[in-house]
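Comments concern the structure below.
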Amino acid sequence: MKNKKGVIYKRKQEILRELHENKKVLVDDLAKALHVSPITIRRDLDEFQSEGIVERFYGGASLVEGALAEDPSEQDSSDQNQSCKESIAREAAALVTEGDTIFLNSSSTALLLLKYLKGKRVTVITNNGNALHMETDPLIELVLTGGEVNQYKKSMVGDFALQMLRKLRADKCFIGVSGINELGEITTAVLQETMINSLMIEQTKGMKVILADHTKIGSQNNFVIASLNQITHLITDEEADSRILSALKRQNVSILAAPLETKE
């Protein structure tokens, strides 16, 4: 099953790469290039259409403008948003204990954990290339997954990263996300990172922690990485919608609302 998922993922990546470069694709050309049937390509394109990525036309599909843009939630650098991320990362770092091996995904919030992990001997495995530029405690052992580099986010994705993660297990994972809706569907805006995030959760034997500031609570993006019943903890900030948090609490997840620091 895992191998089958990997084949499907790789095929869809090739289709997306072609769409990104040429803005449109033809079913017959893709079928020949990827050595699959036209029916398979049509099914993939139909899925992309349902996700708002393409518009179908007879014999092919065209890319919807802006559909493959990077996660807009990562672009908010306002002082308030940064304060939320810092508070969430500080709260998350407190869950890490001596000797832990942890996964961090490519989100900017997850990356901030490195700033707050102090005085603990911890192994950090991440697909975030920006981790190389973070000042970290000497006790931290930093491991990068490797893989194809997303030039915008410096995240590592693709088959190589997935194969590496399949060989590893973590005690805890900390996954920053683009959205989590009232039904508990956890989503990302970047297709290339969907399987990376899902696999980090799958390969974690202990705490599985979602990091989502208040702007992500009640929000939904195109690509589902997990449902709340796969998660043990959700860390947000005190600005999050209490009504939605109450609905999520009924799904037996521990919710921590990190207090925001006030400036004098």
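The values are calculated or read from the model by the stated rules, or taken from the named source; none is laboratory data. These figures come from a predicted structure and were not determined experimentally. Heads up, the Cβs are rebuilt from the backbone with ideal geometry, glycines too, and the neighbour counts pull from every protein chain shown. Just so you know, the surface numbers come from the protein's heavy atoms only, side chains and all, with ligands and any DNA or RNA stripped out. Shrake-Rupley method; radii C 1.70, N 1.55, O 1.52, S 1.80 Å.
Each residue in region 130-153 was checked for being open to solvent by 10 Å² or more (accessible area, probe 1.4 Å) and touching a strand residue (DSSP E or B) at 6+ places or on another chain (Cβ under 9 Å), and 15 of them qualify.
The residue list Ser178, Ser198 contains one member that is surrounded by fewer than 24 Cβ atoms within 10 Å (Cβ to Cβ), of a type in the set (S, T, N, Q) and in contact (Cβ under 8 Å) with a residue 24 or more places away in the chain, which is Ser198. Selection over region 139-159 of residues that are farther than 16 Å from Leu104 by Cα and at pLDDT 95 or above gives a count of 1.
Anything in region 181-195 that is of a type in the set (D, E, K, R) and either buried (at least 23 other Cβ atoms within 10 Å of the Cβ) or assigned to a helix (DSSP H, G or I) (or both)? List them, or say none. Can you show your working first?
Initial filter on region 181-195 (of a type in the set (D, E, K, R)): 182, 185, 193.
Passing the criteria: only Glu193.
Annotation for region 69-87: no member residue is modelled with pLDDT of 95 or more and either surrounded by fewer than 14 Cβ atoms within 10 Å (Cβ to Cβ) or of a type in the set (A, V, I, L, M, F, W, C) (or both).
Looking across region 110-124 at every residue that is within 19 Å of the chain's Cα centre (by Cα) and open to solvent by 10 Å² or more (accessible area, probe 1.4 Å), the one that is farthest from Gln163 (Cα to Cα) is identified as Leu112.
Restricting Ala247, Ala240 to those that are assigned to a loop (DSSP other than H, G, I, E, B), open to solvent by less than 40 Å² (accessible area, probe 1.4 Å) and either of a type in the set (A, V, I, L, M, F, W, C) or closer than 18 Å to Ser107 by Cβ (or both) reduces the list to Ala240.
Take Leu165 and tell me if it is buried (at least 20 other Cβ atoms within 10 Å of the Cβ) and closer than 22 Å to Ile8 by Cβ. Judged against the criteria, Leu165 is a match.
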